Amino acid sequence: MIDEGFHLTPLDVRRYDFGHAFRGYEPARVDQFRDQVADELERLGRINQDLDQKARSFHEQLRAFRERDRAMNDALISAQQLRQETKEQAEREAMLIVREAQGEGERLLEEVRAEVRRVQAELEVLERSRRSYLSQMRSLVSRHLSEIDASERSVPGSAPKSFPE
């Protein structure tokens, strides 16, 4: 764990004075080691900065991916809702078309039935007219035959003629 209270920079290492003591360390070796430590701290600092930058970049990419994922999920949900609404609308329209077609079929069927009734009534009228005509013809022919018979009887000496039937 890193102690947040202690910060050591490469410059701190370079400027630190160990002091001189009798039979102490060799100043040249201490200076060399201090430079190596400072160089290593600088290198580690750069690496740390690079890693921090990469971590920020990765966090930004992760945030962007999460936003895209959320947007894609929202789009998917919207598409599913639209599909359902479209399906329901198509079903309603199909039901309406079927009802209209049934209504039109029933209307046409009723028209045909009315036409059949009209034709049947005309046919009955024509049949009555035919029977009436035939009855009148029989009556007329019968009258004419009666007149012919009467006119033959009124002429003396004439014999009734028979007509082929």
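Rundown of residues vs (1) more than 30 Å from H7 (Cα to Cα); (2) among the small types (G, A, S), yes/no style:
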residue: D39; (1), (2): no, no
residue: R63; (1), (2): yes, no
residue: D69; (1), (2): yes, no
residue: A79; (1), (2): yes, yes
residue: L108; (1), (2): yes, no
residue: A114; (1), (2): yes, yes
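Restricting to region 21-39, name every residue that is in a loop (DSSP other than H, G, I, E, B) and aromatic (F, W, Y).
F22, Y25, listed by residue number.
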Single residue of A94, A55, A79 found to be within 30 Å of P10 (Cβ to Cβ), assigned to a helix (DSSP H, G or I) and of a type in the set (G, A, S): A55
Subset tally (residues that are of a type in the set (S, T, Y) and modelled with pLDDT under 85) for region 11-66: 2
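The values are calculated or read from the model by the stated rules, or taken from the named source; none is laboratory data. All of these numbers come straight from a predicted model, not from anything done at the bench. No Cβ is skipped: glycine too gets one built from the backbone with ideal geometry, and neighbour counts run over all protein chains shown.
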